Amino acid sequence: YINETADGSRLLMLHGDEFDSVIRCSRIIAYLGDTAYDLLLYLNRWFNVARRKLGFPYWSISAYLKHKVKNAVNVISNFEKAVAYEADRRNVDGLVCGHIHHAEIRKINDVLYCNDGDWVESCTAMVEHQDGTLEILHWSDQMHSMKSHPSVEEDNCKKTA
């Protein structure tokens, strides 16, 4: 799918798994990786319950490990280059994908690379503003902001109570 933003940029929208060499070439490694990832997500849930009780914000074990392991960093870099190449090949201004769960917006050569991350591991989403600019939202930052600035509805409820 190609989406046109409010500023006229044409963005290729795709998941990205078709560019993952592990999924395409080695099913057993993909299965083992998926199983390990599911275990990390399970452990991460309980780890963050404890962090919350201690007053610490959300932190992702799997995201931390993914970005610390050199091979994973190389795989991510190769993935980003491959999807950017595909967007360039299709003559669009950029792309929006997920799959590797690493949220960011940046240029790769002349292609706008947008990865919205995910809602499970990094708790991120991407939004387009009315002027066409794109932004990554981090849910933990949004929650912190909401706690710091009570909403108008909360203020109104307090006034009527």
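Laboratory data are not the source of any read-out in this text; all were calculated from the coordinates shown. The structure displayed is predicted, hence computed values, not measured ones. We place every Cβ from the backbone using ideal geometry, glycine too, and count neighbours over all the protein chains shown.
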Quiz item: Which FRET efficiency value, to the nearest 0.05, do you get for residue 50 and residue 110 by plugging their Cβ-Cβ distance into 1/(1 + (r/R0)^6) with R0 = 41 Å?
Solution: 0.35
Quiz item: Once label points are set 7 Å from the Cα along Cα→Cβ at both residue 77 and residue 38, what is their separation, rounded to one decimal in nm?
Solution: 3.2 nm
